[in-house]
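Encoded as structure tokens, the structure appears first; notes follow it.
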């Protein structure tokens with residue numbers, strides 16, 4: 001086994017405090033989705049990113065809920081049309097993104 005590529009992701013919020021808890025791969029095109037948490041301003045937020053099969057960042061999404069200060073994404077899933085579902089610990093039970101999001105869907 002050999003490494004094909006490696007990428008170090010630096011969040012725009014606080015690169016030192018970003019960690020990913022779950023990963024999913026889209027079987028249609030090999031895109032990689034990762035979700036977890038990032039910290040900023042004493043709050044922790046959901047952060048989800050989409051990578052190309054080569055490891056290039058295609059998009060990032062951060063869900064910020066300042067009413068609940070410790071939001072942590074713990075699971076990610078894809079459906080057959082490319083929608084991305086993320087869930088974890090926060091006020092909202094589940095979030096959905098389109099594979100090329102213009103914004104958060106609910």
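Considering each of 66, 96 in turn, give the residue that is in contact with a strand residue (DSSP E or B) (Cβ under 7 Å, 6 or more places away or on another chain), modelled with pLDDT under 80, over 25 Å from residue 4 (Cα atoms) and not in a strand (DSSP E or B).
Of the residues listed, the single one that is in contact with a strand residue (DSSP E or B) (Cβ under 7 Å, 6 or more places away or on another chain), modelled with pLDDT under 80, over 25 Å from residue 4 (Cα atoms) and not in a strand (DSSP E or B) is 66.
Conditions: (1) over 12 Å from the mean Cα position of the chain (by Cα); (2) modelled with pLDDT of 90 or more. Residue 91 meets all but one. Number of the miss?
Going through the list (1) over 12 Å from the mean Cα position of the chain (by Cα); (2) modelled with pLDDT of 90 or more, residue 91 breaks only (2).
Filter region 40-57 for residues that are surrounded by fewer than 18 Cβ atoms within 10 Å (Cβ to Cβ) and assigned to a strand (DSSP E or B); which is modelled with the highest pLDDT? Step through it out loud before you land on a result.
Here is the first cut: in region 40-57, the residues surrounded by fewer than 18 Cβ atoms within 10 Å (Cβ to Cβ) are 40-43, 52-57.
Now restrict to residues that are assigned to a strand (DSSP E or B): 40, 43, 57.
Values: 40: 75, 43: 78, 57: 91.
So, considering only residues that are surrounded by fewer than 18 Cβ atoms within 10 Å (Cβ to Cβ) and assigned to a strand (DSSP E or B), the one modelled with the highest pLDDT is 57.
Among the numbered criteria (1) modelled with pLDDT under 80; (2) farther than 12 Å from residue 72 by Cα; (3) in contact with a strand residue (DSSP E or B) (Cβ under 6 Å, 6 or more places away or on another chain), which one does residue 23 miss?
It is condition (1) that residue 23 fails.
The values are calculated or read from the model by the stated rules, or taken from the named source; none is laboratory data. Since the structure is predicted, the reported quantities are computational estimates derived from the model, not experimental observations. Please note: Cβ atoms are built from the backbone with ideal geometry, for glycine as well, and neighbour counts cover all protein chains shown.
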